[in-house]
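*Asks:* One structure coming up, written as structure tokens, with questions to follow.
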Amino acid sequence: MGIGLVLLERGLITRAQLDEALAEQRNSGERLDRVLVRLRIVTRDQVLSALGDQFHMPVVDLADVSPSQTVLEALPAKLVYRQNCVPIDQRNGSLIVATSDPFEVSIIDELRLLTGCAIDLVLADEEDLHRFIRANYGVGGDTLDQMASDLDQSAVVDQAASDDIEQAQEASVIKLVNDLLAEAIAERATDVHVEPYERELVVRYRIDGVLQRANTPSSIHRFGAAIVSRLKIMANLNIAEKRKPQDGRITFRHRPKGKPAQEFDLRVSVIPMLEGEGVVLRLLNKTAVMMGLDELGMPPSVLDIWNQLIQRPHGIMLVTGPTGSGKSTTLYASLNTIVSDEIKVITVEDPVEYQVPGVNQIQVNNKVGLSFASGLRSILRHDPDVVMIGEIRDKETAETAVQASLTGHLVFSTLHTNDAPGALTRLLDMGVEPFLVSSSVEAVIAQRLVRRNCLNCSRPLTPDDDPIPEQVGVTESDEPLISTGCKACHGTGFRGRVAVYELFSLDQYTRDQVMRRVSAPEIAREAYERGHLLKLMDDGYAKVRQGLTTVPEVLRAMTM
């Protein structure tokens, strides 16, 4: 009996749903059970249980399995990756092997011949199995296993004298680098760090703003130079130059299983270090769906005011915060809100992170003299209504932005300051005259990103948990949560991020303070008392009360 009929007999699908899935299967060529899950007709757990009954195979939860190193070494890594099966136990002369594909029964004979012992197959969830293999054999473990074997069997090689280009273009090195990048994308990483040390090569992913060490086999250290050389070739950098820093870009196309292809723009930075070259890659999803202002996590009090401010005909709107705090996302969402056929919008960015329909976007190119300041001066002759500058970094850019706002343009830009009022004093410190700052800046948003509580393992607080501080202001109607950690969030308790906002709108009193060069803390204190400043910490605590995050996470983000 096929899996479709098993699910039908269990009452988990209807005949119409089965017919729909069968029609889709004929078009895609996928297994029927995978089609049913992709169409969200059934869950993976329901399919797994039905497959176990159909093939009379016990179902295991790999999260509860901890095999010994001896058991793991019963099968070579390249076979584990190729056949998508993994040894999990050994008892009574039989090797227990977990698989997610019970239809591939031919692997039993191959495994029996290889190990010389009886094979008992058990069934595991496909995604759990992939995660388990990566955790125990490492990212690219099959490739590294083959590369190490080839290196050991070859004649004595002078690694330093070998041709970097030839080595970096070998199929095994290309596959290894692609595996590392694909793993970073699968884990939702925003940055990949490749760090050489004397006796190891460390690969780390920044996930939800926190660096986590990638699980790579120790043998990767032997191929560190080849990995760096491959990345340099992909970024069109000088592979022979190992003494100076280099920057470049890679366009990486990735197609997750059962999903449409995604295109990523990778910003590459290579720096010579004591034990070799270190590489950092920033991952930007060019095909990501842009978020709207209402999806960013802005509280209604901030969203309503900001929506009104960005409709103004002129002035400067600033978004501030540290690197990686979501400033660009907020700017893009703001532009997407106001763009129309009646408004011409031009941006100068470094780099262009998202392509916005209806917006003219310019990429900074310092090699040919196209900087933020020069680009801004040029685009003002293109009759724009709205201008976005990626970042105000110097006096020239700041003064040009001010002049643009004073001549009837709405200007969006970013600054690196700790809070919103600090943006005013930063402009003054750059050398912009107080009367220009006072008359041009309309509002400033400061923001941070805090990690969201994992939906899989979050639960309401109990009396046994640490109490929430009184200043958070929890009431009986609030629902603060705590996360215990699970396999979906890799035990961190968090999955995804949400922004925390601070909005500072300028009134005449604040403009007078700027003219008198009043300090940022005093401007902030008086603006808060007058209701013109909505603080970061207040919004952070509000998100704790809503169950979106935790107090320690808010405090961690505020100290960035």
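For (1) assigned to a strand (DSSP E or B); (2) open to solvent by 70 Å² or more (accessible area, probe 1.4 Å); (3) closer than 30 Å to Ala261 by Cβ; (4) touching a helix residue (DSSP H, G or I) at 6+ places or on another chain (Cβ under 6 Å), each residue gets a yes or a no:
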site	(1), (2), (3), (4)
Met291	no, yes, yes, yes
Pro322	no, no, no, no
Tyr332	no, no, yes, no
Pro351	no, no, yes, no
Gln361	yes, no, yes, no
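*Asks:* Same structure again: Going by what's in this entry, would Ser374 be described as free of Cβ contacts under 8 Å to residues at least 60 places away in the same chain, more than 15 Å from Val319 (Cα to Cα), assigned to a helix (DSSP H, G or I) and open to solvent by 20 Å² or more (accessible area, probe 1.4 Å)?
*Replies:* Criteria met by Ser374.
*Asks:* Please list, ordered by first then second residue, the pairs with beta carbon atoms under 6 Å, 6 or more apart or interchain, first in the range 208-220 and touching a residue at least 60 places away in the same chain (Cβ under 8 Å) and more than 16 Å from Glu553 (Cβ to Cβ), second open to solvent by 30 Å² or more (accessible area, probe 1.4 Å) and of a type in the set (Gly, Ala, Ser).
*Replies:* Correct list of pairs: Asn215/Ala135.
*Asks:* For the range 109-126, which residues satisfy the criterion of being within 20 Å of Val65 (Cβ to Cβ) and either open to solvent by 40 Å² or more (accessible area, probe 1.4 Å) or polar (S, T, N, Q) (or both)?
*Replies:* Thr115, Ala118, Asp120, Glu126
*Asks:* Let me ask something else. For Gln46, state whether it is surrounded by fewer than 18 Cβ atoms within 10 Å (Cβ to Cβ) and out of contact with any helix residue (DSSP H, G or I) (no Cβ under 8 Å at 6 or more places or on another chain).
*Replies:* Considered against the rule, which asks whether it is surrounded by fewer than 18 Cβ atoms within 10 Å (Cβ to Cβ) and out of contact with any helix residue (DSSP H, G or I) (no Cβ under 8 Å at 6 or more places or on another chain), Gln46 comes out as no.
*Asks:* Suppose the filter is small (Gly, Ala, Ser), modelled with pLDDT of 85 or more and open to solvent by less than 70 Å² (accessible area, probe 1.4 Å); does Ser106 pass it?
*Replies:* The answer is no for Ser106.
*Asks:* Could you tell me whether the range 466-482 includes any residue that is under 32 Å from the mean Cα position of the chain (by Cα), outside any strand (DSSP E or B) and over 26 Å from Lys535 (Cα atoms)?
*Replies:* No: the range 466-482 contains no residue that is under 32 Å from the mean Cα position of the chain (by Cα), outside any strand (DSSP E or B) and over 26 Å from Lys535 (Cα atoms).
*Asks:* Scan the range 529-551 and give yes if some residue there is open to solvent by 30 Å² or more (accessible area, probe 1.4 Å) and touching a Ser or Thr at 6+ places or on another chain (Cβ under 7 Å), otherwise no.
*Replies:* Yes, there is a match, as at least one residue in the range 529-551 is open to solvent by 30 Å² or more (accessible area, probe 1.4 Å) and touching a Ser or Thr at 6+ places or on another chain (Cβ under 7 Å).
*Asks:* Still on this structure: Which residues, taken from the range 85-102, are outside any loop (DSSP other than H, G, I, E, B), open to solvent by less than 70 Å² (accessible area, probe 1.4 Å) and more than 16 Å from Asp64 (Cα to Cα)?
*Replies:* Cys85, Ser94, Leu95
*Asks:* In the range 106-126, which residues are in contact with a strand residue (DSSP E or B) (Cβ under 8 Å, 6 or more places away or on another chain) and more than 21 Å from Leu62 (Cβ to Cβ)?
*Replies:* Arg112, Cys117, Ala118
*Asks:* Another question about this same structure. Can you pull out every residue in the range 379-436 that is open to solvent by less than 10 Å² (accessible area, probe 1.4 Å) and in contact with a Pro (Cβ under 7 Å, 6 or more places away or on another chain)?
*Replies:* Leu410
The values are calculated or read from the model by the stated rules, or taken from the named source; none is laboratory data. Bear in mind that the values here come from a model prediction, so they are computed numbers and not experimental data. Methodologically, a virtual Cβ is constructed for each residue, glycine included, from the backbone with ideal geometry; neighbour enumeration extends over all protein chains shown. Heads up: the accessible areas ignore ligands, DNA and RNA and are worked out on the full protein's heavy atoms, side chains in. Shrake-Rupley method; radii C 1.70, N 1.55, O 1.52, S 1.80 Å.
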